[in-house]
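The values are calculated or read from the model by the stated rules, or taken from the named source; none is laboratory data. None of the values given here were measured: they were computed from a predicted structure. Every residue, glycine as well, gets a Cβ built from its backbone with ideal geometry; the counts of neighbours run over all protein chains shown.
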Amino acid sequence: LTPHCTPLTPAAPPQGLGPGAAAERLLRDGPNELRPPRGTPECLKFARQLAGGLQCLMWVAAAICLVAFGIQRGQGDLTSADDVGPGRLGPSRGWAGWMPGCQGGKGGWMVVTYPVQATVIREGDKFQIDANQLVVGDVVEIKGGDRVPADIRILSAQGCKVDNSSLTGESEPQTRSPECTHESPLETRNIAFFSTMCLEGTATGLVINTGDRTIIGRIASLASGVENEKTPIAIEIEHFVDIIAGLAIFFGGTFFVVAMVIGYPFLRAMVFFMAIVVAYVPEGLLATVTVCLSLTAKRLARKNCVVKNLEAVETLGSTSVICSDKTGTLTQNRMTVAHLWFDNQIHTADTTEDQSGQSFDQSSETWRALSRIVTLCNRAVFKPGQDNVPVAKREVIGDASETALLKFAEATVGNVAEQRSRYPKVFEVPFTSANKFQVSVHEAGERLLLVLKGAPERVLERCGSVMLKGQELPLDQQWREAFESAYAELGGRGERVLGFCQGYLEGPGEGLSAEQLPGEGLCFTGLVAMIDPPRASVPAAVRKCRTAGIRVIMVTGDHPITARAIAGSVGIISEGSETPEDLAARLPSVRPRRQARARVLTGAQLQEMEPAALVDALRTHPEMVFARTSPQQKLIIVESCQRLGAIVAVTGDGVNDSPALKKADIGVAMGIAGSDAAKNAADMILLDDNFASIVTGVEQGRLIFDNLKKSIAYTLTKNIPELTPYLVYITASVPLHLGPSRTPGPLPDAWAPPSPDAWAPRGRQALSPPRAAGAMQSFAGFVDYFVALAQEGWWPALVLGLRPRWEDTREQELQDSYGQQWVRLPYAAPIRALCPYRAASHPLYGPSVAPTHPLYGPYMDRTQSPYGPIQTPVWLLHIPYTVPICSCTGPYMA
């Protein structure tokens, strides 16, 4: 038996525990607080950044360069200082990678807002103690405005309502009472959960769980037990590391053997080996990835998206499935009057966030009577001092339904406080779960006005007439059928419907009691339907996701009918799509589950399904909605999507969402309504709690993916032009002039604009570069190299085998400053390739390009430069290679 179903025994006396028993249980169970999980030390995070991924190869390259530097210095070569350059990249890259993680982890362990004090009854005495001193068996009292200090079993309650939205996703306050109403502890009314808020009323309860054993504690433990998944970009970079390291060692070892066979000394051959490995290391790749991700994170921050994990930016662009919460993300997280039924007609209210939509005709006398009941039969009041605040943004004391009715009346009728003052209240019967209605009696001249609201069927059974355009008509069968039709239509839209009626009483208001109020003969005025309306920007965002090939799935704890209605209104279930239930009602002879495009699954159905059946349902029905789900089931949904090969983004705001947020490829928490536990588990936080901001993040993520492809294509293709000079240097003894430090980095790609097909449907693509471009660039470099030498009289036949004499320091006349003339070529191709991003290229290449013409340009005075001028044919030499190189790199660079 579960604690909410177990019969109470004398072991839990109403006078509470004694001090001795409480102390013994506190020693046995520990304090009533959640234990934080073990965090990763900052020094370990920094060490991982220094030794993870390409950093390992960079450290090896740095060590090799240092050895080469020492050997060459020992031989008297004073020009080898560039060999220590790659060693500087390791620490700087480690620092750059560690800082974002350090900033993201500053929040620490912030799971829930703990209640500090609790009212406890021990041995019949009532007093305040620290909430962390509560133990199982304590009797506690809660009232409106208190946070529940532990998981408690309700013993008695008077109008108690709690807010369970952080646990179940229910935006409507939940009534608490001593009766066990459901086998699930999350659904029953006789359990109040640790850290939830008591909105109104009072209750006395028995503590049944404390600390980590509470529902909140179990969810937190579930989240901490979920391992962090590697992001796709981290996996692909690791793959690149393996390929690059293998190729570097292979070529380096091969030519080490070749050098030894040719007859080079061992130390000289070792220098060749190290040089080839260094040439193969893409030293600019890590800096490029970090800069690209950081720039995108800054762009997202300006659009209300705070990124905690930099690698998650690129992952968001690769997302193929978004599992979104309903309340607060797709909807406005505020109950709003959506429809009214009076005068035998359904009217649509304004549900826009800024109240800018069209309203209904308010000239009917029936509407005046209905609006008066909405105003008077309502206990909600505005907080003082908000006269200049828009009605929709005013703070209200009262539950969600009465708040919605109060704001609706204020926006449509006018000054509610003034109208209430004209009808002073003399008697009231509050709403209870037993009677399901609320009655209020007011002075109206010489008579008393009775107004009543509640469940529509309970209200109708107390009425003998109905109001039509201000006139009372008998409530006959035709009117009852019209009522049932309107009630069914509004309820089918997922809206909460209330009925309203009125009547007049004779006599004074003093001494009235509930028994004296009439139980029949009242006049039915109409229905009011409320809903948490969708955000105005969500439908367009969902359509944009569908265009981009991204599937949006709703996962909520709300009622299936409500979830189905909201999903239809925002486009998750498209217009014309039918669920199996719709098909079964229309075509009873077919198998609806296979033919239905949409499907709504409840938590109870998920509990009975095998994992393979859930995966099959996700594959068969492209439009899915999950309702009444538990935290464990949301986690199962995410895992099932991942089994289909999808990259899953999950949104959430409550503690119940933490496990799924951590399991997903990217977790997105809400910044306004989100709990600290959700923010702690997420990779990204939406400051405006808007689903449309996720789509903005996807757009930026796709942009960073495209830009990284361009950067990696350039970074890796230039390895061939860097490698082949060393190979020719070893095998053909051709002098070597240009080192790896002469090649500019690919950073301007980080500023590249999005491509026109950024929102085209796409799958995950590998970040593979076009190797042919590297071969073309290498060939072009060698041709230009030999042409430049030939221009000064060094024909290719003379250059071959020239290396020993060229490097001989005793021959001063052999090499002069000829090498300066062909430094320009390695800069020409990158500038040519990056010229579409002129705003980014100018700051990097402007200072280098500006003095080029005065120093080396044709027809310039030789006194301007000791090296120039470079003649016109050499300036035009690169043109034949531009077309094939650009055509090869076009898909990556443009």
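Things worth noting here:
Yes/no matrix, rows are residues, columns are (1) at pLDDT 75 or above; (2) over 18 Å from residue 59 (Cα atoms):
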residue	(1), (2)
246	yes, no
281	no, no
287	no, no
299	yes, yes
304	yes, yes
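- Yes/no for residue 632 being free of Cβ contacts under 8 Å to residues at least 24 places away in the same chain and over 14 Å from the mean Cα position of the chain (by Cα): no
- Residue in segment 308-325 that is surrounded by the fewest Cβ atoms within 10 Å (Cβ to Cβ), counting only those that are in contact with an Asp or Glu (Cβ under 7 Å, 6 or more places away or on another chain) and more than 25 Å from residue 563 (Cβ to Cβ): 309
- Any hit, segment 613-622, residues being at pLDDT below 90 and of a type outside the set (Val, Ile, Thr): no
- Filter result for residue 315 (in the same structural domain as residue 672 (by TED's automatic domain parsing), hydroxyl-bearing (Ser, Thr, Tyr) and outside any loop (DSSP other than H, G, I, E, B)): yes
- Close Cβ contacts (under 7 Å, 6 or more residues apart or on different chains) running from residues in segment 636-661 that are at pLDDT 90 or above to residues that are assigned to a strand (DSSP E or B) and aromatic (Phe, Trp, Tyr) comprise 637/626.
Each row is one residue, and each column tells you yes or no for (1) closer than 22 Å to residue 325 by Cα; (2) under 33 Å from the mean Cα position of the chain (by Cα); (3) assigned to a strand (DSSP E or B).
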| position | (1), (2), (3) |
| --- | --- |
| 137 | no, no, no |
| 142 | no, no, yes |
| 145 | no, yes, no |
| 157 | no, no, yes |
| 186 | yes, yes, no |
| 208 | no, no, yes |
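- Of all residues in segment 403-436 being more than 18 Å from residue 367 (Cα to Cα) and buried (at least 19 other Cβ atoms within 10 Å of the Cβ), the one that is modelled with the lowest pLDDT: 431
- Assessment of segment 267-274 against the conditions (touching a strand residue (DSSP E or B) at 6+ places or on another chain (Cβ under 9 Å) and either among the β-branched types (Val, Ile, Thr) or modelled with pLDDT of 70 or more (or both)) yields no matching residue.
- Subset of segment 167-183 that is surrounded by fewer than 24 Cβ atoms within 10 Å (Cβ to Cβ) and under 20 Å from residue 207 (Cβ atoms) - its residue that is modelled with the lowest pLDDT: 174
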